[in-house]
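Novice: I'd like to ask you about the structure that follows.
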Amino acid sequence: MSNPDISVVICVYTEDRWEDILAAVSSVRAQSRPARETLLVVDHNETLLEQLTREYKEVEEVRVLANAGPRGLSAGRNTGIAASHGEIIAFLDDDAMAERDWLKHFAEGYEDPRVMAVGGRTMPIWASGRRPAWFPEEFDWVVGCTYKGLPPGRARVRNVLGGNASFRRSAFEAAGGFATGIGRDGNKRPLGCEETELCIRLTRARPDAILLIDDRAVIHHRVPEPREHFAYFRTRTYAEGLSKALVARSVGSDKGLESERRYTTRVLPAGVAHGLRDALLAHPAGAGRAGAIVTGVALAAGGYVIGSFRARKSGAAFRVAEAGESPDSKGAA
């Protein structure tokens, strides 16, 4: 597959991001390696659906459609997968802009037929203009961005990050779609990990599968002002623990926490040490970063314990869309 067709799926849900959505679509249309199509999947918002339909009614390569499943990012992505035509399906956050060669670098990754997914590097655009001094780079995943600890260059990984990722269509044929019941679903709590669960399920279905990240495939992701505050950091790290508990329940703790073990035993202790060293050198922000790392680990661990208990007690389950299925509102399986 030297020159595969690529469909781009952008899931959207609120008029508050209108300008961001238009910028995201413009960045796809400006790619050096054109996409076959861009699909805007609107998550249960009739007003936004109508507005975007009017906005792009004259643009042949942009299609606007409604999420055909239950509210949430996973069902929206599954709707895009089912409606798309490309051999490769790429996903872009609705508040992000892709650099001009984004799709070019994705396509290059699929020259090896064993490669089933390629992710990229996501850079934060802080609303305040700069990173908060206390915010550790090791926790940039809190705001949907590439974090310190991921390998540089083009490297194999357990999972790609969903806001800047691509998959072969055959990956979904082998493993099914994104699981509903994991990740964001319109509730206030910022859950995640739906792409982690899918990637682990994919490598189980296809043991020969290779998943890559390529840090040349760059997007720039807006971080709104409320997410620069420690209150959001606390909420998001706790929610990550809850999400990881669901992933571990789905695929087992060995695979579900494989990457996290290295992250928590190597990357984070080094981050704490670096922060404390900076503090000793009269850089007070270092102590803040060290404290944030310790707090984030504790909250994620607490969320994992509570999430595991709740899952066992309630028997909560989630549903995986079959390949090519347009998701509906069926209950969890």
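The values are calculated or read from the model by the stated rules, or taken from the named source; none is laboratory data. Predicted model only: the values in this text are computed from it and were never measured. As a convention, Cβ positions derive from the backbone with ideal geometry for all residues, glycine included, and neighbour counts pool all protein chains shown.
Novice: Report, by residue number, each residue of region 285-333 that is small (G, A, S), surrounded by fewer than 19 Cβ atoms within 10 Å (Cβ to Cβ), modelled with pLDDT under 90 and not in a loop (DSSP other than H, G, I, E, B). It would help to see each step written out before you state the result.
Specialist: If we filter region 285-333 for residues that are small (G, A, S), which is where we start, we get 285-288, 290-292, 296, 298, 300-303, 307-308, 311, 314-317, 321, 323-324, 326, 329, 331-333.
From what's left, surrounded by fewer than 19 Cβ atoms within 10 Å (Cβ to Cβ): 285, 287, 291, 298, 301-302, 308, 311, 314-317, 323-324, 326, 329, 331-333.
In the following step, the residues that additionally are modelled with pLDDT under 90 were identified as 308, 311, 314-317, 323-324, 326, 329, 331-333.
Of everything in region 285-333, those that are small (G, A, S), surrounded by fewer than 19 Cβ atoms within 10 Å (Cβ to Cβ), modelled with pLDDT under 90 and not in a loop (DSSP other than H, G, I, E, B) turn out to be S308, A311, S314.
Novice: Any idea which residue in region 46-61 is farthest from E99 (Cα to Cα), counting only those that are surrounded by 18 or more Cβ atoms within 10 Å (Cβ to Cβ) and in contact (Cβ under 8 Å) with a residue 24 or more places away in the chain? Explain how you work it out, then say what you get.
Specialist: Initially, region 46-61 is screened for residues surrounded by 18 or more Cβ atoms within 10 Å (Cβ to Cβ), giving 48-49, 52.
Filter once more, so that each one left must be in contact (Cβ under 8 Å) with a residue 24 or more places away in the chain: 48, 52.
Numbers: L48: 26, L52: 23 Å.
Once the filter is applied, the top-ranked residue is L48.
Novice: Based on this model, can you work out whether A68 counts as in contact (Cβ under 8 Å) with a residue 60 or more places away in the chain and crowded, with 18+ Cβ neighbours inside 10 Å? Talk me through it step by step, then tell me what you get.
Specialist: On the way: in contact (Cβ under 8 Å) with a residue 60 or more places away in the chain: yes; crowded, with 18+ Cβ neighbours inside 10 Å: yes.
In short, yes.
Novice: I'd like the full set of residues that are under 25 Å from T237 (Cα atoms), crowded, with 22+ Cβ neighbours inside 10 Å and either at pLDDT below 95 or aromatic (F, W, Y) (or both), limited to region 96-141.
Specialist: Answer for region 96-141, where residues must be under 25 Å from T237 (Cα atoms), crowded, with 22+ Cβ neighbours inside 10 Å and either at pLDDT below 95 or aromatic (F, W, Y) (or both): F135, F139.
Novice: Can you find even one residue in region 17-34 that is surrounded by fewer than 19 Cβ atoms within 10 Å (Cβ to Cβ), of a type in the set (D, E, K, R) and free of Cβ contacts under 8 Å to residues at least 24 places away in the same chain?
Specialist: Yes, region 17-34 contains a residue that is surrounded by fewer than 19 Cβ atoms within 10 Å (Cβ to Cβ), of a type in the set (D, E, K, R) and free of Cβ contacts under 8 Å to residues at least 24 places away in the same chain.
Novice: So, of the residues in region 268-284 that are buried (at least 16 other Cβ atoms within 10 Å of the Cβ) and either of a type in the set (A, V, I, L, M, F, W, C) or at pLDDT below 90 (or both), which turns out to be nearest to the chain's Cα centre (by Cα)?
Specialist: Only one residue fits best here, namely L268.
Novice: Just need a number here: residues in region 263-284 that are part of a helix (DSSP H, G or I) and more than 30 Å from R204 (Cα to Cα). Let's see the steps before the verdict.
Specialist: Taking region 263-284 and keeping what is part of a helix (DSSP H, G or I), we get 263-280.
From what's left, more than 30 Å from R204 (Cα to Cα): 269-280.
Adding up the residues that qualify gives 12.
Novice: Let me ask something else. Taking region 102-137 only, how many residues are charged (D, E, K, R) and within 24 Å of A175 (Cα to Cα)?
Specialist: Of region 102-137, the ones charged (D, E, K, R) are 104, 108, 111-112, 114, 121, 130-131, 137.
So of that shortlist, the ones also within 24 Å of A175 (Cα to Cα) come out as 108, 111-112, 114.
Residues that pass the stated criteria total 4.
Novice: Another question about this same structure. Would you please list the contacts, defined by Cβ atoms under 6 Å and residues six or more apart or on different chains, that run from a residue in region 90-101 that is more than 14 Å from A30 (Cα to Cα) and touching a residue at least 12 places away in the same chain (Cβ under 8 Å) to a residue that is of a type in the set (D, E, K, R) and not in a strand (DSSP E or B)?
Specialist: D94/R17; D95/R17; D95/D20
Novice: Report those helices (runs of 4 or more DSSP H) wholly inside region 150-262 carrying at least 1 residues which are crowded, with 23+ Cβ neighbours inside 10 Å and at pLDDT 80 or above. First the steps, then the outcome.
Specialist: Values: elements: 169-175, 194-205, 230-251, 253-256, 258-262.
The qualifying helices (runs of 4 or more DSSP H) are 169-175, 194-205, 230-251.
Novice: Another one. One residue is enough: does region 106-128 have a residue meeting the conditions farther than 30 Å from G286 by Cα, in contact with a Pro (Cβ under 7 Å, 6 or more places away or on another chain) and small (G, A, S)? Walk me through how you get there before you give the answer.
Specialist: Taking region 106-128 and keeping what is farther than 30 Å from G286 by Cα, we get 106-119.
Remaining after also requiring in contact with a Pro (Cβ under 7 Å, 6 or more places away or on another chain): 107, 110.
Going one step further and asking which of them are small (G, A, S), we end up with 107.
Yes, that holds for at least one residue.
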